[in-house]
Structures are given as structure tokens and as C-alpha cells.
Amino acid sequence: MIYLDHAATTPLHPLVEEAMLPFNRDIFGNPSSQHQAGRKARNALDQARDQVAAVLGAKSSEVFFTSGGTESNNLAVKGVARAMKKIDRGHVLTTAIEHPSVLESCAFLEKEGFEISRVLPDREGLIQKEAIVAGLRENTVLVSVMAANNEVGTLQPVALIGAACRERGIPFHVDAVQALGELDLSVARLNVDLLTLSAHKVYGPKGVGALFVRSGTLFQPNNHGGGQEGEKRAGTENVAGIVGLARALVEIQGEKSGEIRSLRDFLLEGLLEIPGCRLHGSREHRLANNVNVGFEGVGGENLFMALDLAGIAVSTGSACSSGAARASHVLLAMGYPSSRAREAIRLTLGRSTKKEELEEVLAKLKELLPRLRR
């Protein structure tokens, strides 16, 4: 298989797997237990928290572990909004191209009586700082903008947006899941109050993530029943997964994206030479590994299935919306008609991607597309 769906998930890094192994096999105690086995697990948990905090330039007490990006986004959006509602502020500002976990959390809050504004991007999928500032109100409780779009790969000016929010004293949340490895994760530089991370996008394990919450940020937990994670997230911690998350973040910080960007450009140039190929998203402000295109007259689902049968793994959009044969909400928000949005496929590269594989993909597309059009 040629795997070009690294935005959905990545394979486990050997060093991450090695770091996790003792906590799946030997050091299996509950980190809340007071005996020796529990204390060993607690020490590993504390060390992992220190490592994640160091990557973020944060305090260890500001890092909370979760089951992944979706839970972290739910915690951030609902946790701050509900806490701030107590002081009679009820407006949340986000964008129309966020991950479903943010959009659906906002829709849930809407049912509770919150006002939700969703800023539209421009034709390239960029959210302008001015559009965010124009949407702020006296009763704005939270602003949530993703660092990089999971479908079209557009990088957003989150540091500028964060600075504008800070000037006004409004909490700012960034979903940084797709930007890991490319974005400087310094929470001070990004001007964020909350930041979402997930392990399995950066060669770590599935089912584990983290949420940075700046000290002093009003916050109400979503789940109850234990005092774990500073009483912000009840439930026994996944020690092995958390150790894997910390190791993956440390490893990814030392990598350079130049080689993957070069391969992406090779793929993109080859795709654009194919008649009827159209790029979605900004070419300049784009993740190093992301290509999102459509081929005129060819449904994305049909092309996806044909490539899958040929042993090439791509996607038609967010993996969190898989099984739902509908037009991309991101492309619709960018102003594309439903017919074009349904043509989109996403190809995302990783550290194992080889130029020879991309050449094979280009050749296979040239073979498949005329047949699919017929």
C-alpha cells in the first residue's frame, strides 16, 4: 500500500513504541494508587507532563491529558464557555471550517442558550484577523480558531488573532492537532490560553491527547467522578499512551519539514499538469505535507475507491466524518459549489513517503481518470 493519509493518522514511531512498552507490561500500576506500583506510574506521568510542558513553554500544572484531540476540543470549548456564563457572558466566536469536534461542541452550546458566530474564510481557506476582531462582542466568552485546517491544510494567523484577543481579555483556544511538527508550539508566542494536542497525528499512539489551559483561565470540567488531572478531567490516566505522546512530541520537534515540502511540491506540480485538476486552499500558507485537489467531472468518493482498489490510501476529507457521503463543509464555507466540493480528495505525506511512490500515484491517476469520467 502507498499510504497518503497521514492527516488521518500516522504509524507509531519505533522510539515511541519502545518508550511505551514498559508501561504496557511491567509498570502497570494506577497512578492514583499510593503503593509502589502506583508511585512508579505516577512518576512516569509527572515526567511526561514536564516534557509536554517544556515543548509548549508552559508550566507543568497547565498541561492536562485527555483521550485525544476531540475530547480536548470539547473540554476547551464547553469548559470555558460554561465557566464564563456564570458571569453573564454568552457569546462564542469560531470559524466555519473548524474540526467537527469544535463545530459540534459549539452547536451543543447553542442549544444551551449560547450565541455562536462562525466566521467565513476567504476563497483560499484563510481566516483574516480583521474578520475575527469584527466579530467580537462585549459578551464574547471564547474565540476558537484552528492553527491548520485538517482538510485543505491552510495555516491560520493564530498568533495575530491571539494578540487581538489578549488585548481585549478574551480567552483564545487553538486546535493545533494538524500543525504539530510545523508550528512553533510556544504558547507565549502564539498568545493562546488553551491549546489542543493529539498523539496519533505525530507518530504517537491513538486515544491520547493533551490540553494546555493557561493558569487563571476560568474552566468547568465536562466529566466528574475523580480528582485526576487537577480535577479538570476525571478518569484513570492512560500512562503508556501519555508516555508515548510526550516522546512523540519530543521527536517531532527535532524534525525538519523541508524534505516533505519538496515531495509535496513535486506531487502538486504533477497533479496540476493533469487536465481538469484544481487545487483547494492556499499554496503559500499551507502545511508541508498537505495536497487537496479535485478533478473536474470526477466524484471524490469514486476516485477514492478506485485508488483504494489500486492500493493507494487517500481520503476525501476529515477522517472524523468518514462514512458520511456529503460535500466538505470546509470547501462549502470557502465558497465552492457542492458539485466541486464533492470532487475533492486529500493526499497527505509523511516521513516514510518516497518520490517513487508519488510517481506511481501520478501514473495511476492518469490511467484512472479518463475511465472514471466515462
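Only one of 328, 338 is free of Cβ contacts under 8 Å to residues at least 12 places away in the same chain and within 30 Å of residue 95 (Cβ to Cβ). Can you tell me which? The unique qualifying residue is 338. Under the condition of being in contact (Cβ under 8 Å) with a residue 12 or more places away in the chain and either closer than 30 Å to residue 326 by Cβ or of a type in the set (D, E, K, R) (or both), the residues counted in the stretch 142-171 number 20.
Has the stretch 301-311 got at least one residue that is surrounded by fewer than 21 Cβ atoms within 10 Å (Cβ to Cβ) and in contact with a Ser or Thr (Cβ under 8 Å, 6 or more places away or on another chain)? The answer is yes; a qualifying residue exists. Of all residues in the stretch 300-320, those satisfying the criterion of being closer than 13 Å to residue 344 by Cα and assigned to a loop (DSSP other than H, G, I, E, B) are 314, 316, 317, 318. Scanning the stretch 18-58 for residues that are surrounded by fewer than 21 Cβ atoms within 10 Å (Cβ to Cβ), farther than 28 Å from residue 215 by Cβ and not small (Gly, Ala, Ser) yields 18, 21, 22, 24, 25, 26, 27, 28, 35, 36, 40. Residue count for the stretch 278-296, restricted to those that are crowded, with 18+ Cβ neighbours inside 10 Å and over 21 Å from the mean Cα position of the chain (by Cα): 2. Figure legend. Inter-residue proximity from the stretch 259-276: first residues of a type in the set (Val, Ile, Thr), second residues part of a loop (DSSP other than H, G, I, E, B), beta-carbon distance below 9 Å, spacing 6+ or different chains. Indicated pairs: 260/288; 260/289; 260/349; 260/350; 260/351; 260/353. Residues in the stretch 351-374 that are more than 19 Å from residue 306 (Cα to Cα) and either of a type in the set (Lys, Arg) or touching a Ser or Thr at 6+ places or on another chain (Cβ under 6 Å) (or both): 351, 354, 355. Scanning the stretch 316-340 for residues that are buried (at least 22 other Cβ atoms within 10 Å of the Cβ) and at pLDDT 95 or above, we see that the one that is nearest to the chain's Cα centre (by Cα) is 330. Using the structure shown, decide if residue 176 is touching a residue at least 12 places away in the same chain (Cβ under 8 Å) and either in contact with a Ser or Thr (Cβ under 7 Å, 6 or more places away or on another chain) or not assigned by TED's automatic domain parsing to the domain that holds residue 341 (or both). Judged against the criteria, residue 176 is a match.
A Cβ distance below 7 Å, combined with a sequence gap of six or more or placement on separate chains, defines the contacts here; from the stretch 125-141, residues that are closer than 21 Å to residue 83 by Cα reach residues that are of a type in the set (A, V, I, L, M, F, W, C) and assigned to a helix (DSSP H, G or I) in the pairs 141/80; 141/81; 141/84. The residue of the stretch 136-186 that is farthest from residue 289 (Cα to Cα), among those that are more than 18 Å from the chain's Cα centre (by Cα) and among the small types (Gly, Ala, Ser), is 169. Would you check which residues across the stretch 1-54 are in contact with a strand residue (DSSP E or B) (Cβ under 6 Å, 6 or more places away or on another chain) and in a helix (DSSP H, G or I) and list them? Listed by number, the residues that qualify are 49, 52, 53.
The values are calculated or read from the model by the stated rules, or taken from the named source; none is laboratory data. Because the structure is predicted, anything quoted here is derived from the model rather than measured. Methodologically, a virtual Cβ is constructed for each residue, glycine included, from the backbone with ideal geometry; neighbour enumeration extends over all protein chains shown.
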